[in-house]
Amino acid sequence: GITTEMVRRAVRLTKDAGIEVVGYFMICIPGQTEAQVHRTIDFAVELDVDYAQFSWTFLFPGSEMYRDAIRAGAFDEDFYLEFARSPAPMDVIAYWENPLPFEVAHRLTKLAHRRFYLRPAYLWKQLKKIHSLDELVRKGRAGIDVAAYSVLPWKALRPYGFKGGGERGLRGVFSWGV
């Protein structure tokens, strides 16, 4: 398996070669505790990659995790099978509350973005990379989006027709992008 030391080395070698590094961090994996999520956030900050994306784990049809959720009784119905039978615009995602409730996962995702992107050293590093007015505008807009997502309440997120709460609960929520 891949160890954290292997990841540290890969990031260091990539940076030494002058290549920007993007880290994708899955948090709130079924069975993961809040303390484990905090360790993942700490690791991302330690790695100091150029950009980071923190996402909770989504259930995709056909995956082992999806089958586990069905076996655990998390669904009222097979959401994706019903979607395949009767396609309609899909503006929801599935989140399995196992054990972290949706509200906690949402709070931790916002915290991860805040801790990573709003560090003074990170902001200074990004400012030093700007070489044009266009780049300043693009990075400024992206920074505002990240700050707004990380700090402001997100009212569009709400349950969507699944069993809610508890270890076996599955919630659908409006999706969003950073």
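The values are calculated or read from the model by the stated rules, or taken from the named source; none is laboratory data. Everything numeric in this text was worked out from a predicted model, so none of it was measured. In this analysis, Cβ positions are derived from the backbone assuming ideal geometry, glycine residues included, and neighbour counts consider all displayed protein chains. The area values use the complete protein model at the heavy-atom level, side chains included, leaving out ligands, DNA and RNA. Shrake-Rupley method; radii C 1.70, N 1.55, O 1.52, S 1.80 Å.
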Inset, instruction - For the stretch 84-106, indicate whether the set of residues that are more than 23 Å from Gly31 (Cβ to Cβ), charged (D, E, K, R) and modelled with pLDDT under 85 is non-empty. - result: yes
Legend entry - Of all residues in the stretch 107-151 being of a type outside the set (A, V, I, L, M, F, W, C) and in contact with a strand residue (DSSP E or B) (Cβ under 8 Å, 6 or more places away or on another chain), the one that is most open to solvent (accessible area, probe 1.4 Å): Tyr117
Inset, instruction - Could you please find all residues in the stretch 126-165 being at pLDDT 85 or above and in a loop (DSSP other than H, G, I, E, B)? - result: Lys129, Ile130, His131, Ser132
Inset, instruction - For the stretch 38-76, enumerate the residues that are acidic (Asp, Glu) and under 15 Å from Tyr95 (Cβ atoms). - result: Asp68, Asp76
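Does at least one position in the stretch 38-60 carry a residue that is small (Gly, Ala, Ser), under 20 Å from Thr3 (Cα atoms) and surrounded by 15 or more Cβ atoms within 10 Å (Cβ to Cβ)?
Scanning the stretch 38-60, I find at least one residue that is small (Gly, Ala, Ser), under 20 Å from Thr3 (Cα atoms) and surrounded by 15 or more Cβ atoms within 10 Å (Cβ to Cβ), so the answer is yes.
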Legend entry - Unmet criterion (only one of (1) surrounded by 11 or more Cβ atoms within 10 Å (Cβ to Cβ); (2) out of contact with any Pro (no Cβ under 9 Å at 6 or more places or on another chain)) for Glu64: (1)
